[in-house]
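In what follows, a structure is listed as structure tokens, so that the remarks can point back to it.
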Amino acid sequence: MAMSSEERRRRMHRAVGGSGSEKTARRPRKSYEELMDGIPELTAEEQQEASYERTARRVSSSRDLFGVMDQEESQPNTNIFEENASARASRRRSAEGTSRYSREDSFEGPRRRRPAEAAEEDLFGLSEEEDGNAFESRRSAREESAASERVSRRRRSGSEAEERRSSRSLRSADGESLEGSRRSARSSRTERSARSREDGPGEGGGFDPRIIIMAVCVLIALLLLIFGIRAFAKRGAAKASSRAAESESQSVAESIEASIEESIEAEPETEAPDSVLKRASLMAAQYDYDGAIELLKTETDYDNNEEAQMAVAEYEEIKGTLVRQNVKEITHVFFHILMPDPSNALDESRWGKQAGGYNSLMTTIDEFNKMLQSFYDKGYVLVRIHDMAHIEKQADGTEKMVEGDIMLPPGKKAMVMSEDDVCYYEYMVGAAFADKMLVGEDGRPTTHIVKTDGTEDIGAYDLVPILDKFIDEHPDFSYKGGKAILAFTGYNGILGYRTDETYDPSFDKNAVGYGSAMTPNPNIEADRAEAVKVLKALVADGYELSSHSWGHRDMGAIEMSSFKTDCNRWEKNVNSLIKEATGKPCDIMIYPKGADVADWHGYSHSNERFDYMYDLGFRYFCNVDSSQYWVQVGDDYLRQGRRALDGLNMWLDIDGGKNRMSDLFDNVSEIFDPARPTPVPGYF
């Protein structure tokens, strides 16, 4: 029995949940096959009619949503992508093998609608009359043809599910209820969603806001996790650091101290203008006017520093008044180790004949201080022997000794000073002489002493620290920082350190030519290292270093073989330390006992002894001469006589009427220490 169109609509509506006019109770969900079972097949005409109406509703819905109709949709075949969009959506649904209704109401269960879908339902919730009017007013023959073509393509694909969906769409469209209109709108929405998924965001689709929200949440969670881990790690590190600080506080403090020192070294502070002015003032006080001027012009904002400009003007004016010193009229005075306690060292009951030697050869500290003041009052200025003359290489490769330009203000006179035997010999132990030189806390050389009462002290107990103190108070007593020459023998080591090879525990005591071996020094390497440290400090402090032979021999009288042996031993045991400290060999020879290797005539390389020393690097040679000055400048050497300011020579001026020191002292008797026994014995 044929079923009327109205009956088919009612049966289909009841199958999907009720009619448009009444709401029925929710029934158990059925599968797609159960829903479609019993629904008769549509005739060809009914299927074509359903296709027309479905297409019309989709076009009408698109117009109502966007306000305009796509040009490509109204002109089939002009854009194959747009033309086939609906067909692609239909194929997608066919591949899924179910309709929208079966998907929602059968195997997936209730699906939560997204906000966008709810908005679309509200937008498409039109009455049938409004929907029909929109269709009738906008429908055209070309659209029918396009829809017919798409239906034809779907038929060729043999999709039975598509035809059934078309049948249900026809019945929904023919209904007059509001529910039918809403279902049509949902059908249109589903097709648009399918198109959006296929076309992507650039083709009218959009990103799912849930994905964005989820991404943001994941990002926030990751950030919180990272910060949490870092906070935990810092807290753990803080606890570990606290425990380490409690158990190793001293080590931590030392590490911090070292870091601070490294930071200070890596980032030196800029010197303040006042400090630069003080340095320049000291340089000028020591007659280095060119150096002071250069310092002020390069290390200050000279163009805007009026004080620096005034100082430079003053120094330039003084430079114009300076007088060049005649190097051949420069006096050279010398001393042996100074005597701190004459009541001990000059006590014959304690030291016998040796006390007489101290009396004749030594100078007391009290006498030395008085001499320094007299030198200063008479206008003497200490210069280096290298200031007197220096070696210049000639174009042909030869060397030439060239006189220096020592420029001093009027009334000032250059003077060279030296001290012999700065070794602190073993035989002097107990006589309360300084027994060792070392580097003080201020980085400058100082001396150690064991006093007569057995107490030890570190301080100014020999020439170097005493002279340093005087120059600190009278900087103009030094020419460009120059001070004195220190002469070393080698047989007892140097500077109070037993550095000679004869102190080495492995030394062969039967070695020919050395005499008796010294008491082995198990700390010989440490002593050598300390000696080098002191040598560096001395050179930095303005002192020059010299040979005094290895064995304190008469270098002009001993046999040539002994002469060479002595030179070689000094080279091996002393000059090696000087080279390590200064980076260059010693070039000054101060003859022991004042005994030269030639007479007053100039040196010649035909003189074997001079030539041997020259080959070892010596260029400056000093003997002993009682004259006010004696200087000889040869082609490649400088030779100078020295004046001994000791007990014997002072006594000869006082008692013997020699008057050899009148250029140095107004009254020698005021210099002479009353602690000395008189008459002072001669040398022995």
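Is it true that Ala431 is open to solvent by less than 10 Å² (accessible area, probe 1.4 Å), in contact (Cβ under 8 Å) with a residue 40 or more places away in the chain and closer than 25 Å to Pro679 by Cα?
yes
Could you say whether any residue in the stretch 296-305 is touching a residue at least 12 places away in the same chain (Cβ under 8 Å), hydrophobic (A, V, I, L, M, F, W, C), farther than 30 Å from Asp453 by Cα and surrounded by fewer than 21 Cβ atoms within 10 Å (Cβ to Cβ)? First the steps, then the outcome.
To start, the set of residues in the stretch 296-305 that are touching a residue at least 12 places away in the same chain (Cβ under 8 Å) comprises 296-297, 299-301, 305.
After this cut, where a residue has to be hydrophobic (A, V, I, L, M, F, W, C) as well, the list is 296.
Among the residues that remain, those that are also farther than 30 Å from Asp453 by Cα are: 296.
Right, trim to surrounded by fewer than 21 Cβ atoms within 10 Å (Cβ to Cβ) and you get none.
There is no residue in the stretch 296-305 that is touching a residue at least 12 places away in the same chain (Cβ under 8 Å), hydrophobic (A, V, I, L, M, F, W, C), farther than 30 Å from Asp453 by Cα and surrounded by fewer than 21 Cβ atoms within 10 Å (Cβ to Cβ).
Name, by its number, the condition in (1) touching a residue at least 60 places away in the same chain (Cβ under 8 Å); (2) in a loop (DSSP other than H, G, I, E, B) that does not hold for Ser626.
It fails just one condition, (1).
Six or more apart or on different chains, Cβ under 6 Å: which pairs go from a residue in the stretch 515-531 that's part of a loop (DSSP other than H, G, I, E, B) to one that's modelled with pLDDT of 90 or more and among the β-branched types (Val, Ile, Thr)? Could you list them?
Hits for this filter: Ala517/Thr502; Met518/Thr502.
Being open to solvent by 10 Å² or more (accessible area, probe 1.4 Å), of a type in the set (Val, Ile, Thr) and out of contact with any helix residue (DSSP H, G or I) (no Cβ under 7 Å at 6 or more places or on another chain) narrows it down to one of Thr582, Thr565, so name that one. Can you show your working first?
Details: Thr582 fails: out of contact with any helix residue (DSSP H, G or I) (no Cβ under 7 Å at 6 or more places or on another chain).
Thr565 is the lone residue from the list that is open to solvent by 10 Å² or more (accessible area, probe 1.4 Å), of a type in the set (Val, Ile, Thr) and out of contact with any helix residue (DSSP H, G or I) (no Cβ under 7 Å at 6 or more places or on another chain).
If we keep just the residues of the stretch 447-484 that are out of contact with any Gly (no Cβ under 9 Å at 6 or more places or on another chain), more than 27 Å from Ser549 (Cα to Cα) and of a type in the set (D, E, K, R), which is surrounded by the most Cβ atoms within 10 Å (Cβ to Cβ)?
Asp476
For the condition among the aromatic types (Phe, Trp, Tyr) and open to solvent by 20 Å² or more (accessible area, probe 1.4 Å), what is the one hit in Trp550, Trp570?
The match here is Trp550.
Does the stretch 560-575 include one or more residues that are within 30 Å of Ser662 (Cβ to Cβ) and outside any loop (DSSP other than H, G, I, E, B)?
First pass over the stretch 560-575, keeping only residues within 30 Å of Ser662 (Cβ to Cβ): none.
Looking through the stretch 560-575, none of the residues is within 30 Å of Ser662 (Cβ to Cβ) and outside any loop (DSSP other than H, G, I, E, B).
In the stretch 615-626, which residues are under 51 Å from the mean Cα position of the chain (by Cα), of a type outside the set (A, V, I, L, M) and open to solvent by 30 Å² or more (accessible area, probe 1.4 Å)?
Scanning the stretch 615-626 gives Asp615, Arg619.
Exactly one condition in (1) in contact with an Asp or Glu (Cβ under 6 Å, 6 or more places away or on another chain); (2) part of a helix (DSSP H, G or I) is not met by Tyr424; state its number.
For Tyr424, the failing item is (2).
Condition test on Ala487, is it outside any loop (DSSP other than H, G, I, E, B), touching an Asp or Glu at 6+ places or on another chain (Cβ under 6 Å), open to solvent by less than 40 Å² (accessible area, probe 1.4 Å) and closer than 30 Å to Ser374 by Cβ?
Considered against the rule, which asks whether it is outside any loop (DSSP other than H, G, I, E, B), touching an Asp or Glu at 6+ places or on another chain (Cβ under 6 Å), open to solvent by less than 40 Å² (accessible area, probe 1.4 Å) and closer than 30 Å to Ser374 by Cβ, Ala487 comes out as yes.
Do any residues in the stretch 607-622 that are among the small types (Gly, Ala, Ser) have Cβ atoms under 8 Å from those of residues that are in a loop (DSSP other than H, G, I, E, B), where the two are at least six apart or on different chains, and which pairs are they?
Here the result reads Gly617/Pro585; Gly617/Cys586; Gly617/Asp587, each pair linking the stretch 607-622 to a residue that is in a loop (DSSP other than H, G, I, E, B).
All but one of (1) open to solvent by 30 Å² or more (accessible area, probe 1.4 Å); (2) more than 25 Å from Pro445 (Cα to Cα); (3) over 45 Å from the mean Cα position of the chain (by Cα) hold for Pro505, so report the exception by its number.
Unmet condition: (3).
Taking the stretch 657-676, which residues are open to solvent by 80 Å² or more (accessible area, probe 1.4 Å), charged (D, E, K, R) and part of a loop (DSSP other than H, G, I, E, B)?
Lys658, Arg660, Asp666
Would you confirm, using the coordinates I've provided, whether Tyr629 is modelled with pLDDT of 95 or more and either within 53 Å of the chain's Cα centre (by Cα) or surrounded by fewer than 19 Cβ atoms within 10 Å (Cβ to Cβ) (or both)? Don't jump to the end; show me each part of the working.
Numbers: modelled with pLDDT of 95 or more: yes; either within 53 Å of the chain's Cα centre (by Cα) or surrounded by fewer than 19 Cβ atoms within 10 Å (Cβ to Cβ) (or both): no.
When the stated conditions are applied, Tyr629 does not pass them.
Could you grab me the full set of residues in the stretch 319-335 that are surrounded by 15 or more Cβ atoms within 10 Å (Cβ to Cβ) and assigned to a helix (DSSP H, G or I)?
Within the stretch 319-335, Lys319, Val327 qualify.
So how many residues does the stretch 590-613 have that are buried (at least 19 other Cβ atoms within 10 Å of the Cβ) and farther than 16 Å from Ser562 by Cβ?
Residues flagged as buried (at least 19 other Cβ atoms within 10 Å of the Cβ) and farther than 16 Å from Ser562 by Cβ within the stretch 590-613 amount to 4.
Which numbered condition in (1) modelled with pLDDT of 95 or more; (2) open to solvent by 20 Å² or more (accessible area, probe 1.4 Å) is the only one that Leu638 fails?
Single failed check for Leu638: (2).
This table checks each residue for (1) hydroxyl-bearing (Ser, Thr, Tyr); (2) open to solvent by less than 40 Å² (accessible area, probe 1.4 Å); (3) part of a helix (DSSP H, G or I); (4) over 23 Å from Leu545 (Cα atoms).
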site: Arg350; (1), (2), (3), (4): no, no, yes, yes
site: Asn359; (1), (2), (3), (4): no, yes, yes, yes
site: Tyr376; (1), (2), (3), (4): yes, no, yes, yes
site: Val381; (1), (2), (3), (4): no, yes, no, no
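What about Ala284, is it part of a helix (DSSP H, G or I) and touching a Leu at 6+ places or on another chain (Cβ under 7 Å)? Spell out the reasoning first.
Numbers: part of a helix (DSSP H, G or I): yes; touching a Leu at 6+ places or on another chain (Cβ under 7 Å): no.
Considered against the rule, which asks whether it is part of a helix (DSSP H, G or I) and touching a Leu at 6+ places or on another chain (Cβ under 7 Å), Ala284 comes out as no.
So Pro409 fits all but one of (1) more than 19 Å from His474 (Cα to Cα); (2) surrounded by fewer than 19 Cβ atoms within 10 Å (Cβ to Cβ); (3) not hydrophobic (A, V, I, L, M, F, W, C); what number is the exception?
Here Pro409 clears every test but (1).
(1) within 30 Å of Leu372 (Cα to Cα); (2) buried (at least 21 other Cβ atoms within 10 Å of the Cβ); (3) touching a Phe, Trp or Tyr at 6+ places or on another chain (Cβ under 8 Å): which one isn't true of Pro679, the others all being true?
(2)
The values are calculated or read from the model by the stated rules, or taken from the named source; none is laboratory data. The structure displayed is predicted, hence computed values, not measured ones. A quick note on method: Cβ atoms are made from the backbone with ideal geometry, for glycine too, and the neighbour counts reach across all protein chains shown. Just the protein is used for accessible areas: all its heavy atoms, side chains included, with ligands, DNA and RNA removed. Shrake-Rupley method; radii C 1.70, N 1.55, O 1.52, S 1.80 Å.
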